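In what follows, a structure is listed as C-alpha cells, so that the remarks can point back to it.
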Amino acid sequence: MSEQDAAGRADGADTVLQRAQAWLAQDPDGETRTELRALIEAAESGDAAAEAELADRFSTRLAFGTAGLRGALGAGTNRMNRVLVAQAAAGLAAYVREQAGLEPVGATSPDAAPTLAEDAASEPDVVVAPAEAGTETAAEADAPAPAETDAPAEAEPADAGAADAESTDADSADAESDSEVDKAAGEATPDSEVTEAAAAPSEPTAPELTEAPSEDALAAEGPEVPGILDDAPIVVIGYDGRRNSDVFARDSAEIFAGAGLRAILLPRLLPTPVLAFAVRHFGAAAGVMVTASHNPPDDNGYKVYLGGADDGSQIVPPADGEIAAHIDGVAAVGDIGTIPRSLGFETATEEVVDAYVAATAAVAPAPEGAQGLTWVYTAMHGVGWQTFARILEAAGYPEPVPVTAQLEPDGAFPTVAFPNPEEPGAMDLSFEAAREAGAELVIANDPDADRLAVAIPDEHADGGWRRLSGNEIGLLLGWRAARLVAETGDPSGASLACSLVSSPGLQTIAEHYGLGFHATLTGFKWISRAPGIAFGFEEALGYLVNPETVRDKDGISAAVAILGMVGEARGRGATLGDLLGEFDELFGAFASDQVSIRVDDVSQIGRIMAALRERHPDSVAGVAVDRIDDLTNGFDDLPPGDVLRLWLADGSRVIVRPSGTEPKLKLYLDVRGDSRDDAATRIAALADGARALLADYGG
C-alpha cells in the first residue's frame, strides 16, 4: 500500500471515528453506548475488524423509503436504534405539521428555544430528555447502570436503559391480556396514570376512545413544547414484541406530542393490521408501526401509514422523499437532545381492538359446515393469536389445535431459523401437530400477522402436507371476493388487484365476473390504492380481503375468509383441495415458479438488465417471445420501475426484476395449462428455460 493510500485510509478511519464519537455523545441507550464504546476502543487500538465494523455502521445511513426503515439493531447510522428512531419521528412530525399547514416546531434548528433536555441538564438530579424517568421501562429501572462514557457528561443524555430483549414478541404485536402484556413487554406499555401528561389541558375529541393525559405531569412540560389542540393532527403508534419495539414506540409518542401533534399509543402489543385499522378508526393523519415483520430476530423497523386522501395506506412517492428530507434535516443538527418531547400523548382504550375484532369477525361468520373442523394454527412466535382467538369466538369457529411452542410472542423466535412461513422448515412443527391431530387444515400467520400461510393434506408431499403458494391462496380468495361482489351488488366500478409479479389468474377471474382489474408495482402501498378495490393480493402471502376496514395486507382477516371457504365446502362434503380443483375447471390451471440468482457484486444485476434491454431474447424454453414490456418509463397505468415483462406465444409470462431487499435478480414465471399436471409440466420447462436465459445474459 502506498503512503498516499495509507494516508487516505487513515483519514477515512478518522472520519468514521469522529462520527462514532458524535453518535456516542447523543445516544440515550445504555446497551448501544456500551457496544459502540467497545468498538471505538478496539478501532483506536488498530483492530482491523473493529474498523470495518465501524465503517459498515457509519459510512452510510439506513435509508427511509416507502417501507419506512428496517435494519439490524445496533449503534450507528446504518442500524436501527433510539437515535435513528428519534430522528425519524421528528422528521415525520415535521412532515405532518407541514401537510396540515402548521408552522415548524423548530426542533431541527440549532437556534431553537431550550428543550426539556437542556432544562433538565441544568439540574444534576433530573434525568435529561429523551430518557426521562417516565420513559424508563420496568426492566430498565431495575437494571444496573451502564459504565460511564468517556464523552463529557453534559453532551450525553442520561441512560434510559437498553430495553432488553425481554420484549418477547415476534413482529407486529398482539399480546391481548394484561398479564401477557406484563410478561411480553416487560411492563413497558405505559399505564394511563403514568404515561399521559398533557402539554396543555384539553379534552380529547373522542374521550371514550382514548385515556386522556393526566394532570399530574403538566408541570413537567416546558414552555418550548407546543400545546396540543383538540383539532391537532393525530398520529397513532403501534408496536410489536421485538427487542426495543416498545421503547421506539414510546420515544415516538413523546416526540409527536412534543411537536404539538395528538399522539395516540396503542394500548399494548398488537398486530400490524390493528395499527392500519386504527389510522382510519381515529381519522389520523399518520400512523407508525414499529415492526420488522418476518425479518431475523436482530432486526427491527418503522413502517409509516398516511390518513386523509391516502386512506390509511402505506406511504408512496413523493411522501417518502419529503419525509426523508425532514429526517435528514433533524439528523443534520446532530443531537437528538434538541428534539422537544412531551408526556402529553394519549393511550388508546381497548375500544379500538374491539372494533377491529368486530369488523374482522364479520368478514366470514362461521357457516354450519365449519362445526367440527379440526385445524392447526401457529402464530410463528408472533402476536397474532390473542386477537385471532377473539375473532374466532366472535365469528363462531371452533378453536384450533395450537402449535404451543410458537403460540406466544417471543422475539427470539427460538424454534425457527427464520420466522417466515415461506422459509423451508418454518412450518415443520405445524405439520407435526397436524399429523398428530388428524387435521384438515393448517393456518399460519407471520410474526406481525399481516401475512397468511395455508397448508393442506397431500399424500404426494413430503410428510403428507403441502403449503399452498401465495398465488393459490390469492386466487381462491379472489374468486370468493368476485362472487360476493356479483351476488350482493353491481360489479361495475369494483375491481380486483394484484402485484404485477403475482398470478395472471386474478385477471381471468375479474373478466369472468365483469370486474375491473389492476396490476400494480409490488407492495400493498400500491395494491391498496387500486380504484374500486374489492380484493388485492401479492404472491408473497399478502392478502387484502376487507378494504373497507384495513388498507393493507391482513393475515387475520384473510384467515377468517379461508375458514369461511373451508366451512362452506365442508357443508357439501368438499375440502379446500377440492376447491382448488373446481377453480382449475372453471378458470384453467395456473402455475407459478420463481428463479433467482444471488450476486456478490450488485452491478452484475444492472449489467444483466441492460443486456436484456439491448438484446431482446427471441424465445424462452423453446417458446417464442411475442412481446416485451419495459417498465423503465412506466407502462399503461403502472409507474416506472426496473422491470421487464416477457409474454410468450403460448400465453406464459416471465417477469425480470431486481430484488428490492437483497442482492438478487428474480424471474417470476407463470403458465396456464389445461390441467394441473399440464401446468406443472409447462412451469418446469419454463423454469429450465429461465435458468438458461440467465446464463446466456451473464447470470
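What FRET efficiency comes out for His512 versus Ala38 if R0 is 56 angstrom and r is the Cβ-Cβ distance? Round to the nearest 0.05. Plugging the Cβ-Cβ distance into 1/(1 + (r/R0)^6) gives 0.35. Structural size metrics of the range 504-551, computed from C-alpha coordinates, are Rg and Dmax of 10.3, 27 Å. Taking a ≥ b ≥ c as the square roots of the eigenvalues of the Cα gyration tensor, the range 387-481 is rounded, since a/c falls below 1.5. Between Ala309 and Glu436, the distance separating the two model label sites (each 7 Å from Cα on the Cα→Cβ line) works out to 5.5 nm. Taking 20 Å as the cut-off, the amide N atoms of the range 281-301 that come nearer than this to a point 7 Å along the Cα-to-beta-carbon line of Glu322 belong to 283-289.
Sum up the charges of everything whose Cβ sits under 12 Å from the Cβ of Gly505, counting Lys and Arg as +1 and Asp and Glu as -1, but leave Gly505 out. Spelling it out: positives minus negatives among the neighbours equals -3.
When both the range 24-96 and the range 263-323 are represented by their alpha-carbon centers, they are found 22 Å apart. You can think of it this way: the chain between Asp636 and Ala624 has 2.0 nm of extra reach, that is 0.36 nm per residue less the Cα-Cα gap.
Every read-out reported here was derived from the displayed coordinates using simple, explicitly stated rules and does not represent laboratory data. Predicted, not measured: the structure shown is a model, and the values here were computed from it. Counting neighbours? That spans all protein chains shown, and the Cβs are built from the backbone with ideal geometry, glycine included.
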